[in-house]
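Peer 1: Structure below; questions to follow.
The values are calculated or read from the model by the stated rules, or taken from the named source; none is laboratory data. Since we're looking at a predicted model, the values are computed, not measured. Cβ coordinates were reconstructed from backbone atoms using ideal geometry, including for glycine residues, and neighbour counts include every protein chain displayed. Keep in mind that these areas ignore ligands, DNA and RNA; they rest on the heavy atoms of the full protein, side chains included. Shrake-Rupley method; radii C 1.70, N 1.55, O 1.52, S 1.80 Å.
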Amino acid sequence: RLVGYSPGRDYDYVEINRLLRSMHTEVVGQTIAAIEQRGGTVRKDPTTDLLTVNDEFTASIVISRASQTLSGGLRWKIRLDTSLRPAITVVVRMDQANRQAYDYYLLPTIDISMPRLRLREENGFFLDAYRFDSLDSFFYLAARTQLRMAS
């Protein structure tokens, strides 16, 4: 574009993907901080970014870019890292502009074993049962509670 060349194809997705990669690092960091703030512990594998929460379960965070169909609907292609076998995959679906989170899916590997999902805005009970407007439910799973000692 800088030299006046206009390709026949829209390459905006390259810039969006670059933004989402940097956002992934930020989301992982914020997730770790939120769990620790609630008394939990997190170990992050530096190679895979797999999170081990409270030495009890593992979680993987996936950010999914939104794309718009010709009719105006939104679609998300989600590739789950089945080789890591996390107990829960946290899917962050991005909004239409791919600038902020649209919603979240907490997908347990025991129920969702497909390596790829293609989501619409509404996906039926089987998948939308795992849909949340925030990560509060995930943080609740990871929170620690002090128990009083019995006398």
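Peer 1: Taking segment 74-88, which residues are open to solvent by 10 Å² or more (accessible area, probe 1.4 Å), within 15 Å of HIS24 (Cβ to Cβ) and within 13 Å of the chain's Cα centre (by Cα)?
Peer 2: Let us first name the residues in segment 74-88 that are open to solvent by 10 Å² or more (accessible area, probe 1.4 Å), namely 74-75, 77, 79-85, 87-88.
Subset that is within 15 Å of HIS24 (Cβ to Cβ): 79-81, 84.
Listed by number, the residues that qualify are ARG79, LEU80, ASP81.
Peer 1: Out of ASP95, ASP49, ASP45, report the one residue that is closer than 21 Å to ASP136 by Cβ and of a type in the set (Asp, Glu). Can you show your working first?
Peer 2: Details: ASP49 fails: closer than 21 Å to ASP136 by Cβ; ASP45 fails: closer than 21 Å to ASP136 by Cβ.
The unique qualifying residue is ASP95.
Peer 1: In addition: Tell me, which strands (runs of 3 or more DSSP E) lie completely within segment 15-64 with 1 or more residues that are open to solvent by less than 30 Å² (accessible area, probe 1.4 Å), touching a residue at least 12 places away in the same chain (Cβ under 8 Å) and touching a Gly at 6+ places or on another chain (Cβ under 7 Å)? Spell out how you get there, then give the answer.
Peer 2: Working: elements: 42-44, 51-53, 57-64.
Filter on segment 15-64 gives 51-53.
Peer 1: Let me spell it out: the conditions are (1) part of a loop (DSSP other than H, G, I, E, B); (2) surrounded by 15 or more Cβ atoms within 10 Å (Cβ to Cβ), and THR145 meets all of them except one. Which number is the exception?
Peer 2: Result: THR145 passes all but (2).
Peer 1: Please specify each residue of segment 97-127 satisfying the condition of being touching a helix residue (DSSP H, G or I) at 6+ places or on another chain (Cβ under 6 Å) and either part of a strand (DSSP E or B) or surrounded by fewer than 16 Cβ atoms within 10 Å (Cβ to Cβ) (or both). It would help to see each step written out before you state the result.
Peer 2: First, the residues of segment 97-127 that are touching a helix residue (DSSP H, G or I) at 6+ places or on another chain (Cβ under 6 Å): 98, 106.
Passing the criteria: only LEU106.
Peer 1: To continue, here is another question. Confirm whether ASP45 is touching a helix residue (DSSP H, G or I) at 6+ places or on another chain (Cβ under 7 Å) and more than 21 Å from ARG131 (Cα to Cα).
Peer 2: Numbers: touching a helix residue (DSSP H, G or I) at 6+ places or on another chain (Cβ under 7 Å): no; more than 21 Å from ARG131 (Cα to Cα): yes.
When the stated conditions are applied, ASP45 does not pass them.
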